[in-house]
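The structure under discussion appears below in the form of structure tokens.
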Amino acid sequence: LLREKFREFARETGSVGQERVDRVNLAIEDLIDAGHTEAATMAEWKDGLNESWADLLELIDTRMQLLAASHDLHKYFYDGTELLALIAARRQELPQDLGEDVGTVEAFHRMHSAFERDLQLLEAQVQQFRETAARLQTAYAGEKAASIQEREQEVARALRALLEACSGRRARLVDTADKHRFFGMARDLLSWMESTVRQIETQEKPR
């Protein structure tokens, strides 16, 4: 809001001020051209006025840059807080259940793949956040620069922990699916052996 107000103020000041400066310059030039007795003094006044106007424009520009930098800094910390909350929410969405059979595990695996694809957008947001941090750190020093770096590292750590949790769940799902497939194969083999034993037992015994 402050930035918008000052932008409007700068626009009005620049427009009105330039018009007034141009008008004074024109009036002084007319007087000098007409051979006014104080022409030399007026020329000095004209130079002084133009110099003061240039200083004022520079002051306005500096103020605009400071407000823009302050806005960027506040937005950076706000975005960091939002990203941390988003990462924490996604971490909560990771289920612990691994499934009781191959079908359930495969269903969980498909869901997990979709979950990981969704995380790509979050990873891109964090990357953009880290690029902003690098840019801001070149503009600030001391405590502010340290705070910028600290928040960037906090977000990066949170994302890394989430991605590691995702990798861990994927590995556990693969292990669980392998376990269920092995048990299934073992049960099938035992069942086949029991069936074979029954067939042998039902056959006529040698005399």
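A few points about this structure:
- The chain: most fluctuating residue of 21, 197, 105 per GNM, C-alpha cutoff 10 Å: 197
- Taking 0.36 nm per residue of sequence separation and removing the Cα-Cα distance, the residue 4/residue 146 pair yields an extension gain of 48.3 nm.
- Around residue 174: net Lys/Arg minus Asp/Glu count, Cβ-Cβ under 14 Å: +2
- Eligible lysines near residue 75 by straight Cα distance, threshold 25 Å, same-chain separation 8 or greater: 5, 144
- Accessible area (Å², 1.4 Å probe, nearest 10) - residue 70: 50
- Helical contribution to [θ] at 222 nm, DSSP H n ≥ 4, -39,500 (n - 2.57), averaged over the chain, rounded to 500: -33500 deg cm²/dmol
- Percent carbon-and-sulfur accessible area, the stretch 17-79, ignoring ligands, DNA and RNA, probe 1.4 Å: 58
- Radius 14 Å from Cβ of residue 22, net charge of other residues (Lys, Arg +1; Asp, Glu -1): 0
- In sequence order, the stretch 29-40 has phi-based couplings of 4, 4, 5, 5, 4, 7, x, 4, 5, 9, 4, 5 Hz under the Karplus curve 6.51 cos²θ - 1.76 cosθ + 1.60, θ = phi - 60°, and Gly or Pro positions carry x.
- Summing charges over neighbours of residue 67, with a neighbour being any other residue whose Cβ is under 13 Å away from its Cβ, gives +1 when K and R count +1 and D and E count -1.
- Heavy-atom surface of the chain, accessible at 1.4 Å and reported per residue (Å²): 72
- Distance between modelled label sites at residue 172 and residue 69, nm, 7 Å Cα→Cβ extension: 4.8
The values are calculated or read from the model by the stated rules, or taken from the named source; none is laboratory data. Keep in mind the model is a prediction, meaning the values are calculated, not measured. Note: ideal-geometry Cβ built from the backbone for every residue, glycine included; neighbour counts use all protein chains shown. Note: accessible area is taken over every heavy atom of the protein model, side chains too, but ligands, DNA and RNA are not part of it. Shrake-Rupley method; radii C 1.70, N 1.55, O 1.52, S 1.80 Å.
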